[in-house]
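The values are calculated or read from the model by the stated rules, or taken from the named source; none is laboratory data. As the structure is a prediction and not an experimental result, all values here were calculated from the model. For neighbour counting, all protein chains shown are included, and Cβ atoms are generated from backbone atoms with ideal geometry for every residue, glycine included. Remember, those area values only see protein heavy atoms, side chains included, never the ligands or the DNA or RNA. Shrake-Rupley method; radii C 1.70, N 1.55, O 1.52, S 1.80 Å.
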Amino acid sequence: MITCVDENCNWFLRASKLKQTQTFKIRKYVNNHTYSLDVIMEDHRQATYNTIAQIVKKKYNSINRQHAPNDIMKDMLHEFGVSMGYQKAWRTREKALELSRGKPEDSYQQLPMYLHMLKKANPGTGTELMTDKKNRFKYMFLALSNSIRAWIHYRPVIVVDGTFLKITYGGTLFTTSIMDVYNHIFILAFGIGDLENDSSWEWFFHKLRETFGEREGMTIISDRHKSIEKAVATVYPNIFHGACIFHLLNNIKVNFGAHGEDLTLNFVKATKTYNTKSFEGYMSELNKVDRRIRPYS
């Protein structure tokens, strides 16, 4: 007879072997689980993270689908009555991603082929892939042909930013974008580097200049990252480099502990006015908030 792991559960199955055969006959079966999900089931030795990954891998077929370890824990408990810890759920997620999308290192190996096919499908596309002395990925640059052709027709104000990547091997995503006459964002180019440092930003800006050149009135806008400032001064010595007012305002709030409607209102008006007298008026109001704001800006 087989019973549930919970001694208080009503589920059981009774079977007996038929004489002179290897066949079993079920004599009685009560399909009525009344166990508590709080019962610890010997860590579910059969429910290894490899086994569970086979079950949940379909959750990761879409690149946009977010299925975190906590979601896996809830699904397994609700659908199968299997309780599991966070670490096991995290290993399950990593294995499921590998089963569904392949290993990250294999994806890096396919980058040269991917960039080649992009250029073949989109003639005029600019790409560059750089590796280190051990032939490991270091930098990548990509600008689609449509972006290169459209550049001359858009405002010559390039917004540059970088953000860290939440992937196995880390890295930084570099982006450049502009705006059209309707204030819609248009991506010019993007790249990937190992770190957001002086050398990676300088490499990225060199590739940007090689691809798009320079235009009259061209301006580069970014946050106040020191590496961006150095790279722009090196690669674009004749181009104006300004600070994004959103990032600058946030930096002021963090560095000086300044807050309030007076700060935000006068700061935004000062950044958008075209009149010197008005600008000085707004700055005098900012001086009342904190005199360190003007030299910092």
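Let's see how each residue does on (1) open to solvent by 90 Å² or more (accessible area, probe 1.4 Å); (2) over 17 Å from the mean Cα position of the chain (by Cα); (3) at pLDDT 90 or above:
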| residue | (1), (2), (3) |
| --- | --- |
| THR125 | no, yes, yes |
| MET140 | no, no, yes |
| LEU173 | no, no, yes |
| TYR182 | yes, yes, no |
| LEU188 | no, yes, yes |
Is the stretch 99-110 home to any residue that is of a type in the set (A, V, I, L, M) and either open to solvent by 40 Å² or more (accessible area, probe 1.4 Å) or modelled with pLDDT under 95 (or both)?
yes
Would you mind stating whether ARG292 is in contact with a helix residue (DSSP H, G or I) (Cβ under 9 Å, 6 or more places away or on another chain), open to solvent by 60 Å² or more (accessible area, probe 1.4 Å) and either under 30 Å from ILE148 (Cα atoms) or modelled with pLDDT under 90 (or both)?
yes
Subset of the stretch 44-90, residues hydrophobic (A, V, I, L, M, F, W, C), closer than 19 Å to ILE167 by Cα, open to solvent by 60 Å² or more (accessible area, probe 1.4 Å) and in a helix (DSSP H, G or I), comes to TRP90
Is it true that some residue in the stretch 209-218 is at pLDDT 90 or above, open to solvent by 10 Å² or more (accessible area, probe 1.4 Å), among the aromatic types (Phe, Trp, Tyr) and touching a helix residue (DSSP H, G or I) at 6+ places or on another chain (Cβ under 9 Å)?
yes
Reported set for the stretch 187-229 where residues are part of a helix (DSSP H, G or I) and of a type in the set (Asp, Glu) is ASP198, GLU202, GLU210, GLU229
Got a number for residues in the stretch 220-272 being open to solvent by less than 40 Å² (accessible area, probe 1.4 Å) and of a type in the set (S, T, N, Q)?
3
Give the residue that is farthest from TYR169 (Cα to Cα), with candidates limited to residues of the stretch 55-98 that are among the hydroxyl-bearing types (Ser, Thr, Tyr) and at pLDDT 90 or above.
TYR86
Filtering the stretch 170-186 down to residues that are at negative phi and assigned to a loop (DSSP other than H, G, I, E, B) yields ASP180, VAL181, TYR182, HIS184
Give all pairs with beta carbons closer than 7 Å in which a residue from the stretch 60-87 that is within 16 Å of THR48 (Cβ to Cβ) meets a residue that is basic (Lys, Arg) and assigned to a helix (DSSP H, G or I); count only pairs at least 6 apart in sequence or on separate chains.
PRO69/ARG93; ILE72/ARG93
